[in-house]
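The values are calculated or read from the model by the stated rules, or taken from the named source; none is laboratory data. Note that the structure is predicted; figures quoted are calculated from it, not measured. Virtual Cβ from ideal backbone geometry, glycine too; neighbours counted across all protein chains shown.
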Amino acid sequence: MPLPPVLARLPLPIIGSPLFIISNPKLVIAQCQAGVVGSMPALNARPASQLDEWLAEITETLAAYDAAHPDAPSAPFAINQIVHRSNDRLEQDMALCAKYKVPIIITSLGARTDVNDAVHGWGGVVMHDIINNAFARKAIEKGADGLIAVAAGAGGHAGTKSPFALIQEIRQWFDGPLALSGSIASGGAVLAAQAMGADFAYIGSAFIATDEARASEAYKQCVVDSNSDDIVYSSLFTGVHGNYLKPSIRAAGLDPDQLPESDPSAMNFGGDAKKAWKDIWGCGQGIGAIDAVVPAAERVARLRREYEAARARLCGLGR
Ligand SMILES: Cc1cc2nc3c(=O)[nH]c(=O)nc-3n(C[C@H](O)[C@H](O)[C@H](O)COP(=O)(O)O)c2cc1C
């Protein structure tokens, strides 16, 4: 199946994934101008009315950039909607996305036909994130256009499946747009995702260590200084399993290697979640590849160089 036009014209097959608290218009704009899809959760705009201002800023800045760079226009942007019952802003945020005709909506934690229909109504595309094949089938049945396979080692809420298993299973029956997420932080890994059968690499943690990211300097430096040994998988903080930086858990007075399980009914993405995510730093296992805090454009430029070098190396091998 050909990719929807909005996703087919990307200069690099990368989607900068939404990061709770951290993504903001500055990061989204920098990602899009660098040639990758930039995204942010609608819930990062607080109060809710701020989303209107942020969407105006993103659409106007990118339109001006495209007018000045007709030969190399920006990549499209995406807004993430948490489709979970604890999100009492969904309707209001969707109305603003309709007002600005947001090109791509990323839905998480629940698939809903009415949300997908609304996005299609303004000509947008829906990518839904899943951690297993059963959720993937449900999302497509409910009208999502594409899937984001969140494999083991992804930052934030993550699954436990090998990326090979997930992509192989999904590609048995689905030939639409498919992104792979989980520990991708180098251009070679982006090419590997494509070789496996994904169309896009979905990259989050690598963008925490950028100038534009709305994270504390200590958090950014911790991403630079850490590697996969410093990541722990726990459900304690939001009720859903996710990957977190151990140093932030120690700083909160807990032993990251002895964490209790949480009560799933405590799952919450409102104000309490914001408090938890401010102190307990979400992060994927792929950060061993990140060695400095740089502008987002520089991170993308390096991914591009590595991606092209990996392609050339494989072509040189005659593959
Ligand atoms: C700090 C942090 C916050 C995140 N917040 C969200 C979010 O609000 N919504 C969402 O769909 N995914 C969220 N994610 C998951 C990412 O969008 C993505 O799946 C993940 O970062 C990819 O794995 P990687 O970090 O190893 O690149 C978050 C991830 C991190 C690290």
- Given (1) hydrophobic (A, V, I, L, M, F, W, C); (2) in contact with a Lys or Arg (Cβ under 9 Å, 6 or more places away or on another chain); (3) more than 25 Å from VAL294 (Cα to Cα), index of the condition ALA139 fails: (2)
- Item | Test: VAL150 is farther than 23 Å from SER228 by Cα and crowded, with 24+ Cβ neighbours inside 10 Å | no
- Leading residue by the ranking (modelled with the lowest pLDDT) among those in region 258-290 that are within 16 Å of the ligand (Cβ to nearest atom) and out of contact with any Ser or Thr (no Cβ under 7 Å at 6 or more places or on another chain): GLY271
- helices (runs of 4 or more DSSP H) within region 154-265 that include 1 or more residues within 19 Å of HIS128 (Cβ to Cβ) and of a type in the set (A, V, I, L, M): 163-171, 187-196
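Restricting attention to region 233-257, which residues are within 13 Å of the ligand (Cβ to nearest atom), in contact with a helix residue (DSSP H, G or I) (Cβ under 7 Å, 6 or more places away or on another chain) and not small (Gly, Ala, Ser)? Reasoning before the result, please.
Just the residues of region 233-257 that are within 13 Å of the ligand (Cβ to nearest atom), to begin with: 233, 237-238, 240-245, 248.
After this cut, where a residue has to be in contact with a helix residue (DSSP H, G or I) (Cβ under 7 Å, 6 or more places away or on another chain) as well, the list is 237-238, 243, 245, 248.
Within region 233-257, PHE237, THR238, ASN243, LEU245 meet the criteria.
For region 166-191, enumerate the residues that are without any contact (Cβ under 8 Å) to a residue 40 or more places away in the chain and buried (at least 16 other Cβ atoms within 10 Å of the Cβ). Steps first, please.
Applying the first criterion (without any contact (Cβ under 8 Å) to a residue 40 or more places away in the chain) to region 166-191 yields 166-174, 178, 180.
Residues satisfying the conditions are LEU166, ILE167, GLU169, ILE170, PHE174, LEU178, LEU180.
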- Query: Here are some residues: ASP225, ASP230. Which one is in contact (Cβ under 8 Å) with a residue 12 or more places away in the chain and either within 19 Å of SER39 (Cβ to Cβ) or surrounded by fewer than 23 Cβ atoms within 10 Å (Cβ to Cβ) (or both)?
  - Reply: ASP230
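Within region 86-103, can one find any residue that is within 14 Å of the ligand (Cβ to nearest atom), of a type in the set (Ser, Thr, Tyr) and in contact with a His (Cβ under 7 Å, 6 or more places away or on another chain)?
Of all residues in region 86-103, those within 14 Å of the ligand (Cβ to nearest atom) come to 86-87, 89-90, 93.
From what's left, of a type in the set (Ser, Thr, Tyr): 86.
Now drop any that are not in contact with a His (Cβ under 7 Å, 6 or more places away or on another chain), which leaves none.
The answer is no, given that none of the residues of region 86-103 is within 14 Å of the ligand (Cβ to nearest atom), of a type in the set (Ser, Thr, Tyr) and in contact with a His (Cβ under 7 Å, 6 or more places away or on another chain).
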- Reported set for region 32-84 where residues are hydroxyl-bearing (Ser, Thr, Tyr) and farther than 22 Å from SER108 by Cα is THR59, THR61, TYR65, SER74
- Query: How many of the residues in region 2-53 are away from the ligand (no atom under 15 Å from the Cβ), touching a residue at least 24 places away in the same chain (Cβ under 8 Å) and not in a loop (DSSP other than H, G, I, E, B)?
  - Reply: 10
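With among the aliphatic types (A, V, I, L, M), under 22 Å from ARG304 (Cα atoms), modelled with pLDDT under 95 and surrounded by fewer than 19 Cβ atoms within 10 Å (Cβ to Cβ) as the only criterion, which of LEU3, LEU7 stands out? Talk me through it step by step, then tell me what you get.
Numbers: LEU7 fails: surrounded by fewer than 19 Cβ atoms within 10 Å (Cβ to Cβ).
Going through LEU3, LEU7 in turn, just one is among the aliphatic types (A, V, I, L, M), under 22 Å from ARG304 (Cα atoms), modelled with pLDDT under 95 and surrounded by fewer than 19 Cβ atoms within 10 Å (Cβ to Cβ): LEU3.
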- Those residues that are in a loop (DSSP other than H, G, I, E, B) and either among the charged types (D, E, K, R) or farther than 18 Å from ILE29 by Cβ (or both), I need them from region 71-86; list them, please. ASP71, VAL83, HIS84, ARG85, SER86
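Looking at ALA139, ALA134, ALA118 in this structure, which one is part of a helix (DSSP H, G or I), of a type in the set (Gly, Ala, Ser), modelled with pLDDT of 95 or more and within 14 Å of the ligand (Cβ to nearest atom)?
On the way: ALA134 fails: within 14 Å of the ligand (Cβ to nearest atom); ALA118 fails: within 14 Å of the ligand (Cβ to nearest atom).
On inspection, the qualifying residue turns out to be ALA139.
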